[in-house]
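Remarks on the structure that follows.
The values are calculated or read from the model by the stated rules, or taken from the named source; none is laboratory data. None of the values given here were measured: they were computed from a predicted structure. In this analysis, Cβ positions are derived from the backbone assuming ideal geometry, glycine residues included, and neighbour counts consider all displayed protein chains.
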Amino acid sequence: MSHGSRNKPFEDDPAVFSKRKSYLLSRAKIVQSIREFFITRDYLEVETPQLITAPAPEAHIESISVGDRYLQTSPELCMKRLLTRGFPRIFQISRCFRGEERGDLHLPEFSLLEWYRTRIDYRDLMVECENLFLFLARQLNLGTVLRYRGVTVDLAAPWERLSVQAAFERHTAVSVDQALRDDTFDQTMVSEIEPHLGMKTPTFLYDYPASLGALARLKPGNPSLAERFEIYVAGIELANGFSELNDAREQRLRFEKELAQRALAGKPTSPMPERFLSDLRAMPEAAGIALGVDRLAMLFNDARTIDEVVAFTPEAV
Amino acid sequence: MYNASDLRKGLKIEIDGEPYVVTAFEFSKPGKGQSLYRCKLKNMITGVIIDPTYRSGDSFKPADLSERKMQYLYNQDDEFWFMDVENYEQYVLKEDQVGDARNYLIDNLEVDILFFGDRPIGITLPNFVDLLVTKADPWAKGDSVTGDTKPIMLETGYELRVPPFIEEGGKITVDTRTGEYVTRVKE
């Protein structure tokens, strides 16, 4: 796969080289500070295998196979299995791999911070996110007000909390249900909603349609919604978190649905994650989140593309 | 066939029987949603720009494009005639397909003609072409009031500004990419 103008060797330009160097220093400081934040909050740093036998079945995420295993698309399943083994607060910074994802905000190999904690729900997690971002800004000697992509964003809590339904009402002429029926939900999100999110403070976009939260718990009292949220800053998505589904039977049905959707689209399917499903029966209530480390580095450095905050792009290796 | 993930700037694909070139491209993927490839495509025949959004799973035929060496023969009304230097077959391009290239077309000039299938759709000129000056005011020595350049006309009817020492009946080299004067051709 070639990307034309993307192949330009950055290092030829001394100005670009010195910018990249300062981004990489800042990135290292961010990673260090993330560790500090979680360790002081009694989280245990864990490492789980990157080569796995069964990634979480997702209709729109392409896992990369290596021999008879897969590179992880996220450490989610292994980390939830750890929750059942006496580790109530865990975090991990790991490399994840997703095929066919390449753009100004996407790399096929990238770094995810994931953390999981028992006996909290997605609302508690939102507060923890606010605290993390403020801590990182402080460690980087930045104020709470950031300039990112031409937008001035204040990280001071509380951030805006906007339900998916309210976002559709505010920014589009269609309803969520209509968009889902027409299969235009994603497109509407990208072109009409995302550009408005995270403009004064970061935005928590929350309560997704149940069909769009394959691993999330349904909202008690409203099973048409999943307790899932995303963080947006200046129109850019940074994280995806939720109250974790811990009903193994329900989880199997959802995985089957995702696999069926893949089969229908003619995409390769992977095996059912049986060990995860069997452990899930013992998983306590919990919430967890995946946050893109590369995009965090972009945010705190006002970088224009993800290429600028990594040591090498896939095209430069 | 190309897949959506092959899309990138400069890629040439066929849509509804017409060749398009990708002029802008943005990959996006909301949440755990589908991959969306937002493109701007320019029709290589009409110049019309469209901005479709593609999804993973979409596929495209590469546009069947080729270039052939041709000699410019002549023009009549809005038609410009060229001859394939290998098999002497003659082809015609319309005025709007030739565009600014007409400023440099002189008899027997060798050019590359772009084909979509069997259909000629565009022209690539040599970077430099020598052309005869057909109209120029005489060089008034010492007259610096008019600045460093003066307007002239070339044999193709093209008008441009050149240094004052260029005279009618002489030849100059023009850069076809910028349309600007390069040098005087010494006879």
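From the list A:98, A:102, exactly one residue is over 23 Å from residue A:205 (Cα atoms), crowded, with 20+ Cβ neighbours inside 10 Å, within 14 Å of another protein chain (Cβ to nearest Cβ) and free of Cβ contacts under 8 Å to residues at least 40 places away in the same chain. Which is it?
On inspection, the qualifying residue turns out to be A:98.
May I ask you to verify whether residue A:295 is of a type in the set (Lys, Arg), buried (at least 20 other Cβ atoms within 10 Å of the Cβ), assigned to a helix (DSSP H, G or I) and at pLDDT 95 or above?
yes
Testing residue A:74 on (1) assigned to a loop (DSSP other than H, G, I, E, B); (2) farther than 17 Å from residue A:279 by Cβ; (3) at pLDDT 95 or above; (4) within 14 Å of chain B (Cβ to nearest Cβ), one condition comes back false. Which one is that?
(2)
From the list A:124, A:68, which residue is more than 14 Å from chain B (Cβ to nearest Cβ), surrounded by fewer than 21 Cβ atoms within 10 Å (Cβ to Cβ) and either within 22 Å of residue A:136 (Cβ to Cβ) or hydroxyl-bearing (Ser, Thr, Tyr) (or both)?
A:124
Read through the list (1) touching a strand residue (DSSP E or B) at 6+ places or on another chain (Cβ under 8 Å); (2) modelled with pLDDT of 95 or more; (3) crowded, with 19+ Cβ neighbours inside 10 Å; (4) within 14 Å of chain B (Cβ to nearest Cβ), then give the number of the only condition that residue A:187 fails.
(2)
Within the bounds of the stretch A:173-183, is there any residue that is under 21 Å from the mean Cα position of the chain (by Cα) and either buried (at least 16 other Cβ atoms within 10 Å of the Cβ) or acidic (Asp, Glu) (or both)?
The answer is no, given that none of the residues of the stretch A:173-183 is under 21 Å from the mean Cα position of the chain (by Cα) and either buried (at least 16 other Cβ atoms within 10 Å of the Cβ) or acidic (Asp, Glu) (or both).
Just to be sure, is residue B:46 more than 7 Å from chain A (Cβ to nearest Cβ) and assigned to a loop (DSSP other than H, G, I, E, B)?
yes
How many residues, within the stretch A:250-267, are assigned to a helix (DSSP H, G or I), of a type in the set (A, V, I, L, M) and in contact (Cβ under 8 Å) with a residue 12 or more places away in the chain?
1
Got a number for residues in the stretch A:134-167 being over 13 Å from residue A:200 (Cα atoms), among the small types (Gly, Ala, Ser) and free of Cβ contacts under 8 Å to residues at least 60 places away in the same chain?
Summing the residues that are over 13 Å from residue A:200 (Cα atoms), among the small types (Gly, Ala, Ser) and free of Cβ contacts under 8 Å to residues at least 60 places away in the same chain in the stretch A:134-167 gives 4.
Considering each of A:213, A:198 in turn, give the residue that is more than 30 Å from residue A:32 (Cβ to Cβ), under 17 Å from the mean Cα position of the chain (by Cα) and within 14 Å of chain B (Cβ to nearest Cβ).
Only one candidate passes the filter, namely A:213.
Please go through the stretch A:62-84 and pick out each residue that is within 18 Å of residue A:244 (Cβ to Cβ) and either touching a residue at least 40 places away in the same chain (Cβ under 8 Å) or under 18 Å from the mean Cα position of the chain (by Cα) (or both).
Scanning the stretch A:62-84 gives A:72, A:73, A:74, A:75, A:76, A:77, A:78, A:79, A:80, A:81, A:83, A:84.
Being outside any strand (DSSP E or B) and either crowded, with 18+ Cβ neighbours inside 10 Å or within 14 Å of chain A (Cβ to nearest Cβ) (or both): is that true of residue B:87 here? Outline the logic, then answer.
On the way: outside any strand (DSSP E or B): yes; either crowded, with 18+ Cβ neighbours inside 10 Å or within 14 Å of chain A (Cβ to nearest Cβ) (or both): no.
The answer is no for residue B:87.
Test of understanding: among B:140, B:136, which residue is surrounded by 11 or more Cβ atoms within 10 Å (Cβ to Cβ) and either out of contact with any strand residue (DSSP E or B) (no Cβ under 8 Å at 6 or more places or on another chain) or at pLDDT 95 or above (or both)?
Residue meeting the stated conditions: B:140.
Scan the stretch A:157-177 residue by residue and report those that are at pLDDT 95 or above and out of contact with any Phe, Trp or Tyr (no Cβ under 8 Å at 6 or more places or on another chain).
Matches in the stretch A:157-177: A:158, A:165, A:166, A:167, A:168, A:169, A:170, A:171, A:172, A:173, A:177.
Residues are listed down the side, and each one gets a yes or a no for (1) among the charged types (D, E, K, R); (2) under 24 Å from the mean Cα position of the chain (by Cα):
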position: B:155; (1), (2): yes, yes
position: B:160; (1), (2): no, yes
position: B:167; (1), (2): yes, no
position: B:172; (1), (2): no, yes
position: B:183; (1), (2): no, yes
position: B:187; (1), (2): yes, no
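Taking residue A:256 as the residue in question, decide whether it is buried (at least 21 other Cβ atoms within 10 Å of the Cβ) and closer than 23 Å to residue A:186 by Cα.
Judged against the criteria, residue A:256 is not a match.
Output yes when any residue across the stretch A:191-201 is touching a Leu at 6+ places or on another chain (Cβ under 9 Å), at pLDDT 95 or above, farther than 30 Å from residue A:29 by Cβ and not in a strand (DSSP E or B), and no when none is.
There is at least one residue in the stretch A:191-201 that is touching a Leu at 6+ places or on another chain (Cβ under 9 Å), at pLDDT 95 or above, farther than 30 Å from residue A:29 by Cβ and not in a strand (DSSP E or B).
Within the stretch B:1-39, how many residues turn out to be among the charged types (D, E, K, R), away from chain A (no Cβ under 14 Å) and either touching a residue at least 12 places away in the same chain (Cβ under 8 Å) or crowded, with 18+ Cβ neighbours inside 10 Å (or both)?
Within the stretch B:1-39, the subset among the charged types (D, E, K, R) is B:6, B:8-9, B:12, B:14, B:16, B:18, B:26, B:29, B:32, B:38.
Of the ones still in play, those that are also away from chain A (no Cβ under 14 Å) are B:14, B:16, B:18.
From what's left, either touching a residue at least 12 places away in the same chain (Cβ under 8 Å) or crowded, with 18+ Cβ neighbours inside 10 Å (or both): B:14, B:18.
Qualifying residue count, the stretch B:1-39: 2.
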